Each structure stands twice: as C-alpha cells, then as structure tokens.
Amino acid sequence: MTNEKMIQIQDNKGEQAVMGRELYEFLEVKTQYSKWIERMIVAADLEENQEYVLVSQKCLTNNPKNPETERTNHILSMDAAKEISMLQHSDKGKQARRYFIECE
C-alpha cells in the first residue's frame, strides 16, 4: 500500500464496516454522493439493514444563518464495501478492495 490515507475500518455491532462517504471520497467519485450511493446499492443488489445501514449526521456549513445541516451517510459492511469498490473499475477501486481484503 502507498502512504496515502486509507479508509477507516469501524466496528458496527461487532462487524467490520466503513462509512459510505469516506469510501466515496477515497474513490474520488465525481458524481454527487446521494446519486452515486443509490446507483451502487442497486448495482450491487445490497439490502438495507443487512449490507448497509442509513445514518443521519450533523455537519457544519459555511452559512452563519444555518451553521449545521444533516446529511445521510451509510454504514457499509466489508462485503458491501468490496462489492462497491469492484464496481468502480478504477485503480482506486482496486486499491480499496485489496485493502479491505487485507483488513479482514
């Protein structure tokens, strides 16, 4: 692996998991996150509450009138993250998939 920052592996109820937005950023996807993740869920035939879980997160904005907003993120199982990485058909996707396999 290179010295670049890899995706953080998290514990989700005793199982290894990754955050969808972190995988998205690592893969350097240009499409808007919400559109991309929906396509990935359909393409990989992922089931909610089995291979991924929706979570709502508060994040800061640059708007002084509305300093916080909520955004949706996805907790992905390792299998889901590998599947999505394979669907990317890119060097970053291959690198992420290999990394997940090493982490298991």
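Brief remarks on what is shown
- Full-stretch length increase - D79, E28 - with 0.36 nm per residue and alpha-carbon distance subtracted: 16.4 nm
- Using a Förster distance of 30 Å, the FRET efficiency for S90-N66 (Cβ separation, nearest 0.05): 0.30
- A Förster radius of 22 Å combined with the Cβ-Cβ distance from V42 to C103 puts the calculated FRET efficiency at roughly 0.30.
- Share, in percent, of DSSP beta bridges within the chain that are antiparallel, nearest 5: 95 percent
- Of all lysines in the structure, the ones whose alpha carbon falls short of 29 Å from that of K30, not counting any fewer than 8 places away in one chain, are K5, K58, K65, K82, K92, K94.
- Size of the chain as Cα extents on the principal axes (Å, biggest first): 44, 31, 26
- Entry comment: accessible area of the chain is 66 Å² per residue, from protein heavy atoms only and a probe of 1.4 Å.
- Cα-based helix-to-principal-axis angle, 78-87 vs the chain, degrees rounded to 10: 90 degrees
- Residue-by-residue Karplus 3J(HN,Hα) for segment 15-22, coefficients 6.51, -1.76, 1.60, Hz, glycine and proline x: 10, 6, 8, 9, 7, x, 5, 5
- Charged side chains reduced to their Cβ positions (Lys and Arg at +1, Asp and Glu at -1) give segment 1-95 a dipole of some 420 debye around its Cα centre.
- Here the chain exposes an accessible surface that is 45 percent carbon and sulfur, computed with a 1.4 Å probe and the other protein chains kept in place.
- Rounded FRET efficiency, nearest 0.05, which uses the C-beta distance separating K35 from D11 and R0 of 30 Å: 0.55
The values are calculated or read from the model by the stated rules, or taken from the named source; none is laboratory data. Computed from a predicted model, the values in this text were never measured in an experiment. Using ideal geometry, Cβ is built from the backbone for each residue, glycine included, and neighbour counts are taken over all protein chains shown. Ligands, DNA and RNA are excluded from the accessible area calculation, which covers all protein heavy atoms including side chains. Shrake-Rupley method; radii C 1.70, N 1.55, O 1.52, S 1.80 Å.
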